[in-house]
Every structure is written in C-alpha cells, then in structure tokens.
Amino acid sequence: MRRRGPTLLGRTGLTIAAGLGMFVAFSLVVVRLAILEPVTQLAASDLAALLELSAKVWVELPPWTRADYESELREAHGLRVRAPVTDLPRLGLRADYLDHVEEDVAARVGAETWIVVDPAEPGWYWIDVPLGNLTLQFGFRENRFGDELPTAVILIGVAGALFVFATSLFVVRRMTTPLRDVQDALQKLGRGQPFEPLPEEGPSELAALAARVNRAEREIVALLGGRTTLLAGVSHDLRTPLTRMRLAIELIEDRPEAQLLDGLRRDIEEMEELIERAMELGRGLERPERASEPLVDILRAVRDDYVRAGHAVDVDAPTGCVTPVPPKAFRRVLGNLLDNAVRYGGTGPVNVAVECRTDRAIVRVTDHGPGIPPEEREAVLQPFYRLEGSRSRSTGGSGLGLAVVKQICDGNGWTMVLADGPGGGLEVRVEMPRAA
C-alpha cells in the first residue's frame with residue numbers, strides 16, 4: 001500500500017512558516033545591524049561625553065556648590081558622583097552598549113578605565129573618570145540603555161508574521177478545499193460511484209477544473225449508457241436470426257432443403273454484419289489515431305473499391321486538397337456513409353464532394369433516396385434507432401451505421417451534419433478542422 005504523504009495544505013503551511021521564520025530572523029538581524037547598532041554607539045558616545053563634561057564641571061566648581069551639582073546630575077541625568085571605591089569586580093557578561101561606553105570614556109580621558117559593579121549599590125554600574133591627579137567615580141543605572149531589541153520591534157515582527165501566516169493559510173485553504181472535493185469526486189468516478197456535481201465557482205482555474213470533472217462524469221455516464229445500449233441491442237437483434245436458425249436446423253434434420261440452407265446463410269451474414277457494426281461502434285470510442293494520409297487519396301481509393309463492386313459513386317475533389325486525416329477513422333466514416341447511401345439512395349449515383357477551405361475541409365456525401373425527416377435526424381444518430389419505410393431493418397440496416405460515424409467524428413473533433421440534398425435525398429456533411 002502506498003504511503004500517503006502530507007496534504008497540500010500541511011505542506012504549504014510548513015513552507016510558509018519556514019519562509020516567514022527566515023524572514024523574521026533576517027529582519028531582526030537587519031534591524032540590529034542597521035538601526036540598533038548605530039543608535040547604541042551614538043548613545044554610548046553621548047554618555048561618555050556627558051561623563052567627561054560632568055567630571056570637568058565638578059572639578060571646576062567651588063567645593064560648597066558640588067553637593068547641589070551632584071543632586072542636579074542625579075535628578076536630571078540619572079548620574080551619581082563619588083570618590084573611587086577600589087577592588088570592585090568588573091562587569092562580566094554585558095551588552096555592547098557598555099563596551100562602547102568603556103571605549104569612548106577611555107578614548108576621551110586618555111587612560112584605561114572599565115565598568116564595575118558595587119555589591120552595596122545593586123542596580124548601578126560604576127566607571128572611573130580620571131582627570132589629571134583626580135579620579136571621580138560616576139554611576140548610572142543598569143537600565144539606562146540596552147541594546148536588546150525593543151519590544152515594539154519584536155511585537156511588530158511577530159504580529160506581522162502571524163498575520164501573513166494566517167492570511168496565507170486562509171488563501172491556501174480556499175484553494176485546497178475545492179481540490180480536495182475534486183480528489184474525492186475523481187475517486188468516486190474511478191470506482192464507478194455517483195457523486196454530486198462539483199460547484200463551478202471560485203477562481204477561474206478551479207471553476208474550469210470542476211467543470212471538466214463534471215463533464216467527464218457526464219461523458220462516462222453517457223459512455224457506459226452507450227455500451228449498455230450497444231450490448232442490449234446486439235443481444236436483442238441476435239435473438240431473431242438465432243431463432244430462425246434454430247427452427248431451420250430442426251427442419252433440416254427431417255428434410256434438408258436448399259431454401260433452408262440459403263436462409264441459414266442469410267441469417268449468418270446478418271449476424272456477422274451486426275457484430276461487425278457493433279465492433280465498429282466500439283472501435284469508434286478508442287483513442288484517435290494520428291493524421292497521416294491525404295484526404296483525397298483515401299477518398300479515391302474507397303471510391304475505386306465501390307466502383308469495382310458495381311456501385312455508382314461520383315467524386316468531385318480538387319487535386320490540391322492534401323489535408324492529412326487519420327486513415328482508419330476516415331475510411332470507416334466514409335465507408336459507413338457510402339454503405340447507407342448505396343443501400344437507401346435509390347437508383348441514382350452517390351455523389352461525394354470535397355471542399356478545402358483555409359481552416360477546414362468539408363466532405364459531402366449525397367444520395368437520391370427518400371432522405372431523413374428533420375425531426376428524426378437527431379434520433380438516427382443513436383445506436384439501434386431505425387426509421388420505418390425504406391430505411392427499416394427489413395432492408396438490411398442494423399441501426400448502427402450513422403451512430404458509428406457520429407462516434408468517430410466526435411472522437412476526432414469533426415462535425416457531422418445531416419441535411420437535405422440539393423436535388424432531394426440526404427446529404428451528410430463532415431467538417432474536419434485543418435491544422436495550422
């Protein structure tokens with residue numbers, strides 16, 4: 001049993017999630033390098049400049065005013081000033097901002113200095129600022145500035161990713177739901193089970209796919225119905241000659257007669273013709289063959305066969321009409337049409353005319369018989385439908401000739417039209433599109 005892989009929705013969801021994850025990670029890196037790092041360096045430089053300036057001002061102030069100045073620094077700038085406390089531990093793991101503060105202060109005062117922590121002052125960082133023979137120790141809170149990603153940036157990135165992910169899944173779900181319905185319909189179609197027609201709505205591609213599946217279901221139902229009708233018609237029509245043969249055999253056992261033998265031969269010929277027509281109808285449902293032989297060459301070869309058999313067939317075909325057609329299919333179409341025309345066309349000749357246009361070739365087969373009433377022309381294309389009168393079963397018709405032609409024409413993309421002949425009788429027109 002073949003193992004089923006992930007669904008299209010699940011696979012698409014994972015792909016979108018992975019893509020959004022990489023996008024968010026890339027965005028955070030860009031924000032850090034292009035925005036936060038320059039801002040961090042600028043903030044560290046500003047703090048280093050403030051520390052240097054504050055130290056110089058403190059040194060220049062009279063001693064009795066320094067307490068007020070220290071209070072002003074704390075309230076306005078969040079800085080504290082004190083005498084250096086020695087042997088304090090250096091700050092271990094720290095943010096880039098503090099490294100920049102150390103580097104900028106050292107560069108400004110021209111001496112090595114570093115940030116330390118005082119266990120007696122939790123939440124504060126301290127750094128020595130030497131000025132000549134005097135060293136001051138300035139403190140600032142640990143939350144003064146950090147280089148962590150701002151909460152707003154994180155929220156925007158996460159919210160944007162979730163929004164895009166949810167929107168993408170919604171769009172993909174709207175696409176995969178009709179596809180899942182198509183899959184279920186095709187499974188039922190493959191098992192021969194009926195299903196409700198798919199709604200032909202939504203995006204044009206999905207609507208066209210649903211319409212094609214519905215059409216396939218109708219075609220399969222029609223095909224199965226045609227096969228059933230074909231089998232039922234063959235079995236029904238075979239009963240009559242079989243019954244006659246059975247009675248003839250019983251009579252022959254008592255008194256053989258030439259008349260009974262002739263009847264058996266006719267019954268066998270009738271059965272062979274019926275079976276051959278049924279097989280032709282079945283072959284008309286096969287895959288179309290490739291167009292490989294010129295239309296006029298096939299037409300003239302078929303005409304010669306009928307002339308040798310003693311039938312009057314006139315052909316009017318331009319020599320320049322070399323449109324290629326599928327040879328077997330066209331021979332069956334032409335043969336069935338000529339058989340019907342010879343059988344029902346009266347005493348006049350059968351006329352075959354070919355017209356080659358830019359976009360299509362038209363073949364007209366015309367007889368001089370009684371024709372087919374307009375109201376019956378659709379029905380005679382169905383298998384085993386027979387007209388009364390000169391086209392009844394008693395004259396040898398099987399009711400399959402035109403049905404075979406219709407099936408072959410449909411399978412090859414040709415158009416078949418029944419019409420009145422110019423001088424009476426029936427005209428069958430077959431239009432075949434020409435390849436560009």
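The values are calculated or read from the model by the stated rules, or taken from the named source; none is laboratory data. Because the structure is a prediction, the values reported are computed rather than measured. Using ideal geometry, Cβ is built from the backbone for each residue, glycine included, and neighbour counts are taken over all protein chains shown.
Just checking: which of the strands (runs of 3 or more DSSP E) contained wholly in segment 95-144 hold 1 or more residues that are small (Gly, Ala, Ser)? First the steps, then the outcome.
Details: elements: 115-117, 124-131, 134-141.
In segment 95-144, 134-141 are the strands (runs of 3 or more DSSP E) which contain 1 or more residues that are small (Gly, Ala, Ser).
Just a yes or no: is a residue in segment 356-368 closer than 18 Å to Ala317 by Cβ, hydrophobic (A, V, I, L, M, F, W, C) and touching a helix residue (DSSP H, G or I) at 6+ places or on another chain (Cβ under 7 Å)?
Yes, some residue in segment 356-368 is closer than 18 Å to Ala317 by Cβ, hydrophobic (A, V, I, L, M, F, W, C) and touching a helix residue (DSSP H, G or I) at 6+ places or on another chain (Cβ under 7 Å).
Can you give me the number of residues within segment 339-352 that are buried (at least 18 other Cβ atoms within 10 Å of the Cβ) and either part of a loop (DSSP other than H, G, I, E, B) or in contact with a Lys or Arg (Cβ under 9 Å, 6 or more places away or on another chain) (or both)?
5
Identify the residue in segment 364-387 that is under 38 Å from the mean Cα position of the chain (by Cα) and outside any helix (DSSP H, G or I) and, among all such residues, is farthest from Gly423 (Cα to Cα).
That would be Pro383.
Determine, yes or no, whether Val85 is touching a Phe, Trp or Tyr at 6+ places or on another chain (Cβ under 8 Å), loosely packed, with under 15 Cβ neighbours inside 10 Å and not in a loop (DSSP other than H, G, I, E, B). Talk me through it step by step, then tell me what you get.
Numbers: touching a Phe, Trp or Tyr at 6+ places or on another chain (Cβ under 8 Å): yes; loosely packed, with under 15 Cβ neighbours inside 10 Å: yes; not in a loop (DSSP other than H, G, I, E, B): no.
No.
Mind listing just one residue for me: the one in segment 79-116 that is in contact with a Gly (Cβ under 9 Å, 6 or more places away or on another chain) and either modelled with pLDDT of 85 or more or outside the structural domain of Glu37 (by TED's automatic domain parsing) (or both) and, of those, farthest from Ala43 (Cα to Cα)?
Per the stated criteria, the residue is Arg82.
Filter segment 57-82 down to residues that are in a helix (DSSP H, G or I) and in contact (Cβ under 8 Å) with a residue 40 or more places away in the chain, then give me how many there are. First the steps, then the outcome.
Taking segment 57-82 as the starting set, the residues that turn out to be in a helix (DSSP H, G or I) are 57-60, 63-77.
When the remaining residues are screened for being in contact (Cβ under 8 Å) with a residue 40 or more places away in the chain, the result is 58-59.
Total satisfying the criteria: 2.
Surrounded by 12 or more Cβ atoms within 10 Å (Cβ to Cβ), farther than 30 Å from Arg386 by Cα and either modelled with pLDDT of 75 or more or not assigned by TED's automatic domain parsing to the domain that holds Gly401 (or both): which single residue out of Thr240, Thr167, Thr177 fits that description? Quick ask: steps written out before the conclusion?
Working: Thr240 fails: farther than 30 Å from Arg386 by Cα; Thr167 fails: surrounded by 12 or more Cβ atoms within 10 Å (Cβ to Cβ).
It is Thr177.
Which one is modelled with the highest pLDDT, of the residues in segment 117-159 that are touching a Ser or Thr at 6+ places or on another chain (Cβ under 7 Å) and either loosely packed, with under 12 Cβ neighbours inside 10 Å or under 30 Å from Ala17 (Cα atoms) (or both)?
Gly157
Residue under question is Ser54, and the condition is that it be under 18 Å from His77 (Cα atoms) and assigned to a helix (DSSP H, G or I); does it hold? Working first, answer last.
Details: under 18 Å from His77 (Cα atoms): yes; assigned to a helix (DSSP H, G or I): yes.
Answer is yes for this residue.
I need the full set of residues from segment 303-329 which are small (Gly, Ala, Ser) and surrounded by 13 or more Cβ atoms within 10 Å (Cβ to Cβ), in order please. Give the derivation first.
Filtering segment 303-329 for residues small (Gly, Ala, Ser) gives 309-310, 312, 317, 320, 329.
Listed by number, the residues that qualify are Ala312, Ala317, Ala329.
Would you tally the residues in segment 306-345 being farther than 23 Å from Ala403 by Cα and in contact with a Gly (Cβ under 9 Å, 6 or more places away or on another chain)?
Residues meeting the conditions: 1.
Test each condition in (1) touching a residue at least 40 places away in the same chain (Cβ under 8 Å); (2) closer than 24 Å to Asp99 by Cα; (3) touching a Leu at 6+ places or on another chain (Cβ under 8 Å) for Ala43 and report the one that comes out false.
Of the numbered conditions (1) touching a residue at least 40 places away in the same chain (Cβ under 8 Å); (2) closer than 24 Å to Asp99 by Cα; (3) touching a Leu at 6+ places or on another chain (Cβ under 8 Å), the odd one out for Ala43 is (3).
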